[in-house]
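Okay, structure first, notes after.
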Amino acid sequence: MSAKKALTPPQSLCMPPGGADSHAHLDDPSLLPELAQVLDRAAESGVSCIVHMFLQHERYVANRGLLLEAAASALHPVTLCFARGLHPEDILRADEEEWEHLAFAAEHDPLVRAIGEIGLDYHYEEGYSPHAMQEPWFRRQLRLARKLDMPVVIHSRDAWEQTFAVLEEEGMRDRPLLWHCFGGNAEQARRIISCGWHIALGGAATYKANSGVREALHAVPLDRLLLETDCPYLAPMPWRGHRNEPAFTVFTAARMAEELGMDAAELWTVTGENTRRFFGMLHSSRV
Ligand SMILES: [Zn+2]
């Protein structure tokens, strides 16, 4: 028997329908060829809503229809909606043409429910995604979100204070904002919450070494908490190291519920509702 077969399948956690993966990259080449199966497994595992990040116009044009077709033909209903944004790691691709396409999709595509994922990522060397180029595009996208009155999904890595400074300057306090892949401590979680924002936890929050994130979870009111995969990256335990997919959101839910001492199905349902409310999908995703 291979090691993969020995791992717990997500369906075996028996989560009820109504859960959500608030952050997925379904058009990744590792997921796209088997999208129908990926969505079936998600639905069988209780995931009823997936928020997909469209980060490049080319991929938006090529894959929007494919994604919707796959969702429509899944065994159980899965509702898809999109965020559209320019990722800080893609900053060298940014130009006016890409911007026009992004702004058009944000304004006119009814399934684009947020601007994201956008932010600052100072993890890499300057040559890969120059830091000085990131901030103007981040600000421009925040202004678009304000103009269109849309939520934003924030990506921030090794740029905590800088991200906060931009968000404050751009008047984002008390506006709909989701801090994706939160990896900070309780004090940082409290700072996000005090601004009126939401926090999404992914697979990394299940890793043994990340006890600080699980402690921070106690500082997040239940109505501000969302779950995500960020698939195909960062698969939760026990699938760490494997390709991630939306169905695996159940493992993060189970581990976070254990941390909070609450019923896993309840956390699953609440975080699913939070996702649909945040992205304005409450009326189009009844399960
Ligand atoms: Zn992402």
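The values are calculated or read from the model by the stated rules, or taken from the named source; none is laboratory data. None of these values were measured; they are calculated from a predicted model. Quick reminder, even Gly has a Cβ in these numbers, built from the backbone with ideal geometry, and neighbours come from all protein chains shown.
Residue pairs whose Cβ atoms lie under 7 Å apart, sitting 6 or more positions apart in sequence or on different chains, and linking a residue in region 205-227 that is within 16 Å of R191 (Cα to Cα) to a partner that is in a helix (DSSP H, G or I) and among the basic types (K, R), are A219/R190. Listed by first and then second residue, the pairs with beta-carbon distance under 6 Å, at least 6 apart or on different chains, first residue in region 160-181 and within 22 Å of A24 (Cβ to Cβ) and without any contact (Cβ under 8 Å) to a residue 40 or more places away in the chain, second outside any helix (DSSP H, G or I) and within 16 Å of the ligand (Cβ to nearest atom), are L177/V152; W179/I154; W179/I199.
When you check L32 against the structure, is it more than 23 Å from L178 (Cβ to Cβ) and surrounded by 13 or more Cβ atoms within 10 Å (Cβ to Cβ), yes or no? Yes, satisfied. For region 101-119, the condition holds for no residue, the condition being that it is over 13 Å from M53 (Cα atoms), of a type in the set (D, E, K, R) and surrounded by 17 or more Cβ atoms within 10 Å (Cβ to Cβ). Looking across region 41-74 at every residue that is within 16 Å of the ligand (Cβ to nearest atom) and outside any helix (DSSP H, G or I), the one that is farthest from F251 (Cα to Cα) is identified as Q56.
Only a single item in (1) surrounded by 17 or more Cβ atoms within 10 Å (Cβ to Cβ); (2) touching a Leu at 6+ places or on another chain (Cβ under 9 Å) is not met by L222, and it is number (1). On the given criteria, is A209 more than 19 Å from G46 (Cα to Cα), part of a loop (DSSP other than H, G, I, E, B), more than 14 Å from the ligand (Cβ to nearest atom) and more than 18 Å from the chain's Cα centre (by Cα)? For A209, the condition - more than 19 Å from G46 (Cα to Cα), part of a loop (DSSP other than H, G, I, E, B), more than 14 Å from the ligand (Cβ to nearest atom) and more than 18 Å from the chain's Cα centre (by Cα) - is met. Based on this model, can you work out whether W160 counts as away from the ligand (no atom under 15 Å from the Cβ) and either surrounded by 16 or more Cβ atoms within 10 Å (Cβ to Cβ) or under 15 Å from I91 (Cα atoms) (or both)? For W160, the condition - away from the ligand (no atom under 15 Å from the Cβ) and either surrounded by 16 or more Cβ atoms within 10 Å (Cβ to Cβ) or under 15 Å from I91 (Cα atoms) (or both) - is not met. Applying the criterion of being assigned to a helix (DSSP H, G or I) and at pLDDT 95 or above to the residues of region 1-20, the residue that is farthest from the chain's Cα centre (by Cα) is S12.
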